[in-house]
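Engineer: What follows is a single structure, and I will ask about it in a moment.
Rule-based calculations on the coordinates, nothing more; no lab input. Fair warning: this is a prediction, and the values are worked out from it, not measured in the lab. Note that each Cβ is placed from the backbone with ideal geometry, even for glycine, and that neighbours are counted across all protein chains shown.
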Amino acid sequence: MIYHKKREQPDRKTHPLIGLLLFFISIILLLTTGAFGLIYGFFHNLFKKGFRGLGEYFLKIAISVDQLGNVLMQHLLNVLWIKPGGYSFGNRDETISSALGRNKRSGTLTGFGRAIDRLLDLIDPNHSLDSIDYYIEPSDQIIEAVSWVHLEDGQILSSRSEGKSRYYIPGGKRMPEEQELEALTREIEEEMGVVLKPDSISLLGIFEAPADAQPPGTLVRLSCYTGLYEGTLKPSSEIREIVWLTYQDRNLVAPADQLVFDFLYQKGMLN
């Protein structure tokens with residue numbers, strides 16, 4: 001999959017007739033040049049890299065076809081494969097398998113969807129779950145956020161915002177055109193009153209789960225970082241309370257944060 005430097009970029013608005021015209025041009029080009037490109041690509045990869053190169057070439061084609069199918073069949077798949085409130089098919093940057101995996105993990109597949117998933121697992125075990133792509137462009141159903149995971153004595157720093165009952169790992173949403181580390185340092189300074197040391201920041205992992213207090217089917221993709229800080233921790237901005245939680249407090253935090261708790265507990269980092 002392609003990693004986009006500029007994420008959260010909205011689709012360009014265009015006239016419907018231009019959309020139809022570009023569609024027909026793309027079909028004509030595919031029909032008139034696709035066969036020649038496929039034949040040339042076949043022999044080019046075969047002679048350059050052997051059968052391994054040929055396999056890689058066809059895998060790229062399969063992924064592209066899968067992405068096309070995710071857009072082409074989105075409305076049908078949304079009816080047949082997922083329950084109301086599930087994660088929708090249709091992201092042009094995502095494969096069918098990736099969207100299928102997200103719904104499998106969330107338990108929102110219909111009986112038909114589960115049957116398709118089992119069939120794919122017979123061919124490639126854990127196919128849909130392993131196909132979940134964390135580098136697709138965000139859509140209306142995917143919220144990108146960053147968090148600072150800070151541990152002391154087996155406890156994790158957490159906070160509660162004004163009017164909220166749940167606790168959250170410090171962090172927040174990334175603004176359009178803002179890089180992850182920029183968003184992280186900004187959010188932590190605003191919420192915790194401390195400055196993260198840039199050279200000490202390291203990615204812990206990416207966690208995805210149903211978004212808290214959002215419409216059904218909305219997911220949050222949480223990029224978690226560790227790092228040292230300068231200053232004194234104190235609640236700032238909309239933060240009303242800072243606490244230190246253990247794994248026993250898992251149910252007090254949002255679904256995505258619960259995954260972080262699980263990960264840290266399994267690594268022996270959280271009491």
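Engineer: Convert 20 °C to kelvin, take the viscosity as 1.002 mPa s, use the Kirkwood radius over C-alpha pairs of the range 16-130 as Rh, and evaluate the Stokes-Einstein diffusion coefficient in µm²/s, rounded to a whole number.
Structural biologist: Approximately 133 µm²/s, per Stokes-Einstein.
Engineer: Could you tell me how many degrees, from 0 to 90 and to the nearest 10, lie between the Cα long axis of helix 96-106 and the main elongation axis, the longest principal axis, of the Cα atoms of the chain?
Structural biologist: 30
Engineer: So what is the orientation-averaged projected area of the range 75-131, using the convex hull of its C-alpha atoms, in nm²?
Structural biologist: So the mean shadow area of the Cα hull is 3.5 nm².
Engineer: If you don't mind, there's one more thing I want to ask. For n ≥ 4 DSSP H runs only, could you compute -39500 (n - 2.57) per run for the chain, divide by its residues and tell me the 222 nm figure to the nearest 500? If you can, show how the numbers build up before the last one.
Structural biologist: Details: 7 runs with 117 residues, N = 271.
Estimated from H runs of four or more residues: -14500 deg cm²/dmol.
Engineer: For the range 26-91 and the range 174-189, what is the centre-to-centre distance using only Cα atoms, to the nearest Å?
Structural biologist: 34
Engineer: Let me ask you something else. Are there any GluC sites (Glu not before Pro) in the range 150-246 that are in a DSSP loop and have at most 12 other Cβ atoms within 10 Å? List them by number.
Structural biologist: Details: sites: Glu152, Glu162, Glu177, Glu178, Glu180, Glu182, Glu187, Glu189, Glu190, Glu191, Glu208, Glu230, Glu238, Glu241; in loops: Glu162, Glu177, Glu178, Glu238.
Answer in residue order: Glu162, Glu177.
Engineer: Taking the Cα atoms only, what angle lies between the long axis of helix 111-123 and the longest principal axis of the chain, rounded to 10 degrees?
Structural biologist: 80
Engineer: Report, in degrees rounded to the nearest 10, the 0 to 90 angle that the Cα long axis of helix 180-192 makes with the longest principal axis of the chain.
Structural biologist: The helix 180-192 is inclined about 20 degrees to the chain.
Engineer: Give the calculated FRET efficiency between Glu241 and Ile63 to the nearest 0.05, with a Förster radius of 51 Å applied to their Cβ-Cβ distance.
Structural biologist: 0.65
Engineer: Would you give the gap between the C-alpha center of the range 113-137 and the C-alpha center of the range 197-227, rounded to a whole Å?
Structural biologist: Computed from Cα coordinates, the inter-centre distance equals 22 Å.
Engineer: Give me His150, His75, His127 sorted ascending by neighbouring Cβ count inside 10 Å, so fewest comes first.
Structural biologist: His75, His127, His150
Engineer: Could you tell me which of the pairs Lys60/Lys104; Lys234/Lys267; Lys197/Lys267; Lys104/Lys197; Lys104/Lys234 are separated by over 30 angstrom between their Cα atoms in the structure shown?
Structural biologist: With Cα atoms farther than 30 Å apart: Lys104/Lys197; Lys104/Lys234.
Engineer: Bins of 5 Å, beginning at zero and ending with the bin holding the largest distance: percent of Cα pairs per bin for the range 81-226, please.
Structural biologist: 2, 9, 17, 19, 16, 13, 10, 8, 4, 1, 0
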